[in-house]
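Taking it in order: structure first as structure tokens, then the write-up.
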Amino acid sequence: MSHRVVVVGAGYAGLSAAKRLARKLRRSDVTVTLVNASDRFVERVRLHQLAAGQRLVELSLRHQLSGTTVQLVVARVTAIDTTGRTVYMDAAPGAISYDTLVYAMGSGGRLDDVPGAVEHAYTVVDPEQATRLRHRVAEVASGSTVAVVGGGLTGLETASELAESHPELRVRLLTGADDVESGLAARARTHLRRALDRLGVSVHPKTFVAAVREDGLSTRDGALFAADAVVWTTGFRTPELARAAGFATDESGRMLVDATLRSVSHPEVYAVGDAAAAVSVSGAPSRMSCQTALLMGRGVADVIAARLMGRDPGPVRIRYVFTNISLGRRDGIVQFTRADDRPSRFVLTGRAAAVFKETVVRSTVRSGPRGEPDRDESDG
Ligand SMILES: Cc1cc2nc3c(=O)[nH]c(=O)nc-3n(C[C@H](O)[C@H](O)[C@H](O)COP(=O)(O)OP(=O)(O)OC[C@H]3O[C@@H](n4cnc5c(N)ncnc54)[C@H](O)[C@@H]3O)c2cc1C
């Protein structure tokens, strides 16, 4: 009987893992099945563009998989039975058995951080949420205020994109930290400040949001902050599925894995991307990013292929090359990093950085109108 590899989640990590595995194992008796909630590949790194009103290219997963032996199942995974080694889902075929499972379910928003966020806040974590924000932004009057909460990369990109596409809005960026995005070299931070000023984004550091309301938000020190839309970008949370199935996870629900991305509790299971609590070369937990997801996707394919061929695989070394920040469509920052993610002194800014980022994003999937298959070599 064939060895059945099932990959759950077709984002950057899961799609690259499935394609590379199928290619590496095409001459062996191994089947690769990819289960995903939608038949489209979601370019998550562009969802702030969608929220700002831009049109994104539709990327069909079937096109992405054409020419490979990967079998696509479009269904939402509802549970994993580790004893019976079965994945359950809400659509046909209902259940699939596995010999090896790759858990690549990505992450969602953290709307349960403060009261009222679930009811009143917007996010950009998935296409449905980003579209909801897009509609809200289109319906509010000129001069309305949009408050973006979170001074990390997603908050910066979302605030910049909204401000550039909607100069009629007042965009505010709120962060509990002393400043936005602290992991940048001095020159990059200076550029960031100037770019936010130019775009009219006002930054409110040391502002701790206590609750989100229909008419804005309240802060921990009791102040009210009026806003016509509050966008919540304080980080990502991973699905509960891994914990519910009994896998060893960290406190946030990311699956704990060893240096080969193998579950520390279930050796027939691997985790990649945002859903994995892997350890990077610095010893710190892996950063949730497209760059890391692609690296893990390719790495896990090499590990599984090696083991199935009777070889002992080496560790998947999670190292960083750069942090890419878009500041609208015509500006950006590329902060080159050391392998351990510390910023180096090399920084690219302005239009050159915007072009660099666009080239990198396109290389992760070929976003041509027909959505041709992606390249195996691409880096995020
Ligand atoms: C607006 C925005 C901008 C970003 N910009 C950058 C950036 O510039 N650079 C960068 O490195 N990172 C960026 N990120 C982060 C990056 O998008 C994520 O780290 C990356 O997508 C993680 O890849 P992944 O494959 O682990 O998960 P995902 O890309 O989230 O893919 C997970 C897949 O699993 C599927 N899935 C989930 N649950 C189920 C289920 N129950 N059943 C079936 N399928 C399921 C989803 O449909 C999805 O296809 C950004 C994120 C956002 C939201």
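The values are calculated or read from the model by the stated rules, or taken from the named source; none is laboratory data. Treat the numbers as computed from the prediction; the structure is a model and nothing was measured. We place every Cβ from the backbone using ideal geometry, glycine too, and count neighbours over all the protein chains shown. Please note that ligands, DNA and RNA were not included when accessible areas were found on the heavy atoms of the full protein model with its side chains. Shrake-Rupley method; radii C 1.70, N 1.55, O 1.52, S 1.80 Å.
Tabulated results
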{"read-out": "Region 318-332: number of residues that are part of a strand (DSSP E or B) and more than 11 Å from the ligand (Cβ to nearest atom)", "value": "0"}
{"read-out": "Matching residues in region 114-126 - criterion: being part of a helix (DSSP H, G or I) and open to solvent by 20 Å² or more (accessible area, probe 1.4 Å)", "value": "V118, E119, H120"}
{"read-out": "Condition check for A276: assigned by TED's automatic domain parsing to the domain that holds S97, over 22 Å from the mean Cα position of the chain (by Cα) and within 16 Å of the ligand (Cβ to nearest atom)", "value": "no"}
{"read-out": "Region 227-258, subset in a strand (DSSP E or B) and at pLDDT 95 or above, residue most open to solvent (accessible area, probe 1.4 Å)", "value": "L256"}
{"read-out": "Residues (more than 6 Å from the ligand (Cβ to nearest atom), in a loop (DSSP other than H, G, I, E, B) and of a type outside the set (F, W, Y)) located in region 34-51", "value": "D39, E43"}
{"read-out": "In region 52-84, the residues that are more than 30 Å from A147 (Cα to Cα), within 15 Å of the ligand (Cβ to nearest atom) and assigned to a loop (DSSP other than H, G, I, E, B)", "value": "L59, V70, A75, R76"}
{"read-out": "First in region 16-27 and under 17 Å from S2 (Cβ atoms) and not assigned by TED's automatic domain parsing to the domain that holds G299, second anywhere and open to solvent by less than 10 Å² (accessible area, probe 1.4 Å) and of a type in the set (A, V, I, L, M, F, W, C), Cβ under 6 Å, 6 or more apart", "value": "none"}
{"read-out": "Failed condition for S142, given (1) part of a loop (DSSP other than H, G, I, E, B); (2) away from the ligand (no atom under 12 Å from the Cβ); (3) open to solvent by less than 70 Å² (accessible area, probe 1.4 Å)", "value": "(3)"}
{"read-out": "Subset of region 160-186 [at pLDDT below 95 and open to solvent by 70 Å² or more (accessible area, probe 1.4 Å)]", "value": "D178, S182, A186"}
{"read-out": "Candidate set from region 1-31 (those that are open to solvent by less than 10 Å² (accessible area, probe 1.4 Å) and assigned to a strand (DSSP E or B)); member that is farthest from the ligand (Cβ to nearest atom)", "value": "V5"}
